[in-house]
Amino acid sequence: MSRNPMIVRTVADLRRQVAAWRAEGSRIALVPTMGALHEGHLSLVRLGLRHADRVVASIFVNPAQFAPHEDFDAYPRGEGRDAALLGEAGCQLIFAPSVKDMYPPGFSTQVAVTGVSAPLEGQKRPQFFGGVATVVSKLLIQCAPDVALFGEKDYQQLLVIRRMATDLDLPVEIIAGPTLREADGLAMSSRNAYLDPQQREIAAGLPAALARAVERLRTGDDTGTVEAEGVKALEAAGFGPVDYLQVHDGQTMERLGPGPTPPGARLFVAAWLGKTRLIDNWTI
Ligand code: PAF
């Protein structure tokens, strides 16, 4: 029978519990989230349990990674539901700090990662990775886990966090979990909840376009042509604007092409459906 996890709201309480587990000899995993949980998050908790004895999940809708015009206020919140789901998945502790505790008055520090953060999301959402790197470095310092888990759906974010953890010598292993998909291929995301039924049908066109493009790239078709035709196909399906559909190196995030796609490449897409922005990526 699953039990709802303990919820702590201060760094002192988080550290006290983690220290007690360490004293028992337990290994600790951290799954950072913004709540509004879905199977993708829960799969990270289960993966965490394969690498550690105790899984901590943080729930914090991080204002620093939203621009003023983005959906911070509208972002779905529901701690009771999230806690029950985390408990069923085997998480034993939730860290859910307030904005005031995470960013007290006078907070002035930002963790900025260059290189892998520059293209794609970094270009379209200039505040995003600074906010993510800052909050994730705080969470890793606060919790001091042995491992921390992040989903490949946010692949560029994963690379930014890996870079940050390496550069700051944080003693944590960053582990990637595969993207979980709905039956029609749509990558699971908290933001899918914004889609109305008609948009939800159209949304399945995103992974379909991605799959078609990847297939062509694998057979050696020209990168630039496949990208341009992929954008056109998404627009014809009802998406707009398409922020990007581009091939980048899966480690350095360097832009690849034109010409046939070299090994190690990944295709990235971000496109709008009404007011909802969907992202996805696929290895080539
Ligand atoms: O991917 C997310 O949910 C967030 O960007 C993260 C990593 C929890 C940081 O706020």
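The values are calculated or read from the model by the stated rules, or taken from the named source; none is laboratory data. Keep in mind that what you see is a predicted model, and the values were worked out from it rather than measured. Cβ placement follows ideal geometry from the backbone for every residue including glycine, while neighbour counts extend to all protein chains displayed. Protein only, heavy atoms only, side chains kept; ligands, DNA and RNA dropped before computing areas. Shrake-Rupley method; radii C 1.70, N 1.55, O 1.52, S 1.80 Å.
Do me a favour and compute the ellipsoid semi-axes for the range 134-218 from its Cα gyration tensor, root of five times each eigenvalue, largest one first, whole Å.
32, 16, 10
State to the nearest 20 debye the size of the charge dipole of the chain about its Cα centre, where the only charges are +1 on K and R beta carbons and -1 on D and E beta carbons.
The calculation lands at about 640 debye.
Going Cα to Cα from Lys100, which lysines come in below 20 Å? Please leave out same-chain ones fewer than 8 positions away.
Lys138
Round to a whole number: what % of the accessible area of the range 196-264 belongs to carbon and sulfur, probe 1.4 Å? Numbers along the way, then the final one.
Values: 1900 of 3530 Å².
For the range 196-264, the apolar C and S fraction of the accessible surface comes to 54 percent.
For the range 212-276, what does the accessible surface come to per residue with a 1.4 Å probe? Please give it in Å².
48
How much solvent-accessible surface does Ile175 expose, in Å² to the nearest 10, with a 1.4 Å probe and all protein chains in place?
Probe radius 1.4 Å; accessible area of Ile175 about 20 Å².
When the gyration tensor of the chain is built from Cα positions, what are the square roots of 5 times its three eigenvalues, in whole Å, from largest to smallest? Before the final figure, lay out each step's value.
Numbers: eigenvalues 220, 82, 68 Å².
Computed over the chain, the values are 33, 20, 18 Å.
Could you work out what % of the accessible surface of the range 20-144 is carbon and sulfur, using a 1.4 angstrom probe and leaving DNA, RNA and ligands out of the count?
Values: 2910 of 5290 Å².
Result for the range 20-144: 55 percent of the exposed heavy-atom area is carbon or sulfur.
Which value, in debye to the nearest 20, gives the size of the charge dipole of the range 54-162 about its Cα centre, when Lys and Arg are +1 and Asp and Glu are -1 at the Cβ?
Once rounded to the nearest 20, the dipole reads 200 debye.
Report the charge-dipole magnitude of the range 202-284 in Debye, nearest 20, computed about the Cα centre from +1 at each Lys and Arg Cβ and -1 at each Asp and Glu Cβ. Before the final figure, lay out each step's value.
Details: 8 positive and 10 negative charges, 43 e Å.
Here the size comes out at about 200 debye.
Provide the per-residue ³J(HN,Hα) series for the range 250-263, in order, calculated from phi with Karplus coefficients 6.51, -1.76, 1.60 and θ = phi - 60°, each as a whole number of Hz, with x at glycine and proline positions.
So the Karplus estimates, Gly and Pro as x, are x, 10, 9, 6, 5, 5, 10, x, x, x, x, 6, x, x Hz.
With each run of n ≥ 4 DSSP H residues scored as -39500 (n - 2.57), what mean residue ellipticity at 222 nm is computed for the chain after dividing by its residue count and rounding to the nearest 500 deg cm²/dmol?
Value at 222 nm, helices only, nearest 500: -11500 deg cm²/dmol.
Excluding ligands, DNA and RNA, what is the solvent-accessible area per residue of the range 77-206 at a probe of 1.4 Å, expressed in Å²?
Counting only protein heavy atoms, the per-residue value for the range 77-206 is 44 Å².
For the range 29-91, which trypsin sites (Lys or Arg not before Pro) are in a loop by DSSP, counting at most 16 other Cβ atoms within 10 Å?
Qualifying residues, ordered by number: Arg77.
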